[in-house]
Amino acid sequence: MSATRYTYLGPEGTFTEAALRTLPESATRELVPMVSVPAALDAVRNGEAAAALVPIENSVEGGVTATLDELASGEPLMIYREVLLPIAFALLVRPGTALSDVKTVTGHPVAQPQVRNWLRGHLPEALWESAASNADGARLVQEGRFDAAFAGEFAAATYGLEPLVTEIHDAENAETRFVLVGRPARPAAPTGADKTSVVIWLGDDHPGALLELLQEFAVRGVNLMLIQSRPTGAGIGNYCFAVDAEGHISDRRVGEALMGLKRICPKVRFLGSYPRAGMSPADVRPLRPGTSDTAFIEASDWLARSQDGRA
């Protein structure tokens, strides 16, 4: 395995590359762009890279399905870190192009919902066609296949383009969340401001099945930050659920919730416990009474004493 190589969703000039370069260790790694999220993750599975940075969620459209599906299937991988990146698009064009000249536009499918209203207001007749990434859209404009691309303004120089319009976003303070993924190993020690990700499969479809899953978290005071259903491919109505929960697997409340899920679900895939981006322990909301590690330990001790006749 190449311990110095990180892959990412390419080509050069993507928001994913910009997010990766915010990590201090990126300065000492070989950063290799890949054509797709599956290709970036397969390089890790195959031992060609130590880790991959891929988008997993954005604040406008929610989960990035390509990443969620890849993490739920195939050889297991683990999340070790997350990065939050503010997102604003620029309309990149070949030099000399005016807004009235733009008849075709491109960009990553996740970008379209984030600029839909701007397109409707400024380029209502323009035809949209998706690209593998925003930077790949810029490359296609460079080649003359489209008139304009929505990408990061920083990608303009790489592809010999000009930003015709900048700071395009339908939603203020839009962000995309990226995760650094590697092969499974022991999670890093808890920081006090952590997140745990899992994928959960239902045993069978019956009334209250999803509620049963959620109760495993709720009764232990574990807050959920994301829950998204994804089809398993086994037929209509068959779903698994990608879940992000506050806390670390070593926290008693989180560990016991995961054990509860393992008892009632045919399959639970642990995707990692890792520090929450931009959070410190001081920022984390207080725990509900009775959900601290101390409370779980005291309850366990009480049960042991009761079983021994010492309660």
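Okay, here's what the table says:
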item: Residues within region 23-62 that are closer than 22 Å to GLU75 by Cβ and polar (S, T, N, Q), tallied; result: 2
item: Filtered residues of region 93-118 (kept if assigned to a helix (DSSP H, G or I), buried (at least 20 other Cβ atoms within 10 Å of the Cβ) and without any contact (Cβ under 8 Å) to a residue 60 or more places away in the chain); result: VAL115
item: Where a residue in region 230-241 is surrounded by 10 or more Cβ atoms within 10 Å (Cβ to Cβ) and its partner, wherever it lies, is basic (Lys, Arg) and modelled with pLDDT of 80 or more, with Cβ under 6 Å and at least six apart; result: CYS240/ARG230
item: Region 172-200, residues that are open to solvent by 40 Å² or more (accessible area, probe 1.4 Å) and assigned to a loop (DSSP other than H, G, I, E, B); result: GLU172, ASN173, ARG183, PRO184, ALA185, ARG186, ALA188, ALA189, PRO190, THR191, GLY192
item: Hey, ALA138 under 20 Å from LEU20 (Cα atoms) and either of a type in the set (Lys, Arg) or in contact with a strand residue (DSSP E or B) (Cβ under 8 Å, 6 or more places away or on another chain) (or both) or not; result: yes
item: Conditions (1) out of contact with any Leu (no Cβ under 9 Å at 6 or more places or on another chain); (2) more than 27 Å from ARG183 (Cβ to Cβ); (3) open to solvent by 30 Å² or more (accessible area, probe 1.4 Å); (4) not charged (D, E, K, R); number of the one not met by THR291; result: (3)
item: Residue in region 1-15 that is surrounded by the fewest Cβ atoms within 10 Å (Cβ to Cβ), counting only those that are at pLDDT below 95 and under 18 Å from the mean Cα position of the chain (by Cα); result: GLY10
item: Selection status of ARG305, charged (D, E, K, R), within 30 Å of TRP201 (Cα to Cα) and either open to solvent by less than 80 Å² (accessible area, probe 1.4 Å) or more than 22 Å from the chain's Cα centre (by Cα) (or both); result: no
item: Conditions (1) within 19 Å of the chain's Cα centre (by Cα); (2) open to solvent by less than 60 Å² (accessible area, probe 1.4 Å): number failed by VAL254; result: (1)
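The values are calculated or read from the model by the stated rules, or taken from the named source; none is laboratory data. Being a predicted model, the structure only gives us computed values, none of them experimental. All Cβ positions, even for glycine, are placed from backbone atoms using ideal geometry, and neighbour counts span all protein chains on display. Remember, those area values only see protein heavy atoms, side chains included, never the ligands or the DNA or RNA. Shrake-Rupley method; radii C 1.70, N 1.55, O 1.52, S 1.80 Å.
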